[in-house]
């Protein structure tokens, strides 16, 4: 039952996840309420003042009290509104923190099917809509209710007959606002979806701008963006139409109410039932009612918009998390890495079939096979980016799924084909993910081992040189050597190596090979081999074909016994 409620109300689901500043809320509500209560005295004093002037009575003390009440109302309302807005900002800060903390711990499958630009939009644009509701609309609710109820009570006290007459406009107002609020929610949900699509397109294009330029597809991407922007524009117009209906209706109803009071009030004054001051006070109370009525009426439409914006965030929050905890510091026992009848597939597509092999401790195991045979997928499984469909992966006889995830990943170094880099300095990238102090001397020693110290020092800023987005200021060989330096600093027990050096010049390739050979010493190394020299030096070669292991052994043995391996070595022209 609780799950159904939160699913129907994703905004409530988000707000329940937060830690609310209770003390600040009590203080803010109290001050804001006092401000609203003091505001109720202003029309009353105004009416009294009219009666005193009408009766040719001038009382300076009364005027001073009136000014003091007016000033007190302004000060209390201002302080109360600030404190309530502060609560709203705290809440939206907490929402963004909760959502980001959830997104960053999601499993890799989620990121495989969701664009980064769309996720950024959910975290910024959707939460911005929620922010407007939580930090701007909600803070006005209690003061508006107090002013509304207090004004109605004062109106009843002054002249209950005339007050009842003004009530005929309220049902009309409610009947118009409820359906408009429902329409606004639907439009808001669609708007946020289109904004997310546009952000996804921007992220995709900006990330691969070089491809866009080379492919000469600027106009194609512009046309795609225009479709998104046109839809956002049309939805914005629909929201504007609803707002354009709400505001005039609110104004008309207010004018109608004042008209009734003036007409009926004139009759009441002529009969002596009320004074002119009472009529003035009642008009002030009715005008004072207008702002709370508008706030409370638009509250529903703003609430619906916030619920609409929360719906996709709610879906993200339902995605399963990786069980990532801080490293325990517990030293995991070293041993062999065993694949025990492992099957794996992405969604419905089976990629690996009944893999059964051992990767010996401290040895080099090379995976060889055609493109798409499952070599990179094996790396993903070792890193626990995905869970196996069937079977198990054991390390020193223990399932890797029983080991703390952070501790397990701390044992692994990965020199990737893509050489992923974060925007920042060279130093930041080499030390990325290293949770211990590394001295300058130690850092320099590791970069020399990785053959990257010399080129780093050629930059004016040295280790403090900014690498640019995704390291684009560096060459492919430089990025790969920095990746190797990071693994030297990490000092992993298991080294995963995607030996992709085909796009590098011979000098860079030679330096990388020297660095890798140093790095591979006395480590359990798993390599996707692209070089014949690496294959020949490997203690074990595993040949993969369409997700099946079709051969295991050393190079010479496989050349003699495995026809497809021999063909692969010959046709791929693997380099020495």
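The values are calculated or read from the model by the stated rules, or taken from the named source; none is laboratory data. Just so we're clear, the structure is a prediction, and the values are computed from it rather than from any experiment. With ideal geometry, Cβ positions are generated from the backbone for all residues, glycine too; neighbour counts draw on all protein chains shown.
Each row is one residue, and each column tells you yes or no for (1) in contact (Cβ under 8 Å) with a residue 60 or more places away in the chain; (2) farther than 18 Å from residue 303 by Cβ; (3) touching a helix residue (DSSP H, G or I) at 6+ places or on another chain (Cβ under 7 Å).
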position: 158; (1), (2), (3): yes, yes, yes
position: 208; (1), (2), (3): no, yes, no
position: 211; (1), (2), (3): no, yes, no
position: 221; (1), (2), (3): no, yes, yes
position: 239; (1), (2), (3): no, no, yes
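Out of 18, 14, report the one residue that is in a helix (DSSP H, G or I), at pLDDT 75 or above and in the same structural domain as residue 150 (by TED's automatic domain parsing). That would be 14, the only listed residue that is in a helix (DSSP H, G or I), at pLDDT 75 or above and in the same structural domain as residue 150 (by TED's automatic domain parsing). The residue of segment 428-451 that is surrounded by the fewest Cβ atoms within 10 Å (Cβ to Cβ), among those that are touching a residue at least 60 places away in the same chain (Cβ under 8 Å) and under 37 Å from the mean Cα position of the chain (by Cα), is 435.
Is at least one residue of segment 535-547 surrounded by fewer than 13 Cβ atoms within 10 Å (Cβ to Cβ) and free of Cβ contacts under 8 Å to residues at least 60 places away in the same chain? Checked against the condition, which is being surrounded by fewer than 13 Cβ atoms within 10 Å (Cβ to Cβ) and free of Cβ contacts under 8 Å to residues at least 60 places away in the same chain, segment 535-547 yields no hits at all. Tell me whether segment 91-112 contains one or more residues that are over 30 Å from residue 206 (Cα atoms) and either free of Cβ contacts under 8 Å to residues at least 12 places away in the same chain or in a helix (DSSP H, G or I) (or both). Yes - at least one qualifying residue is present in segment 91-112.
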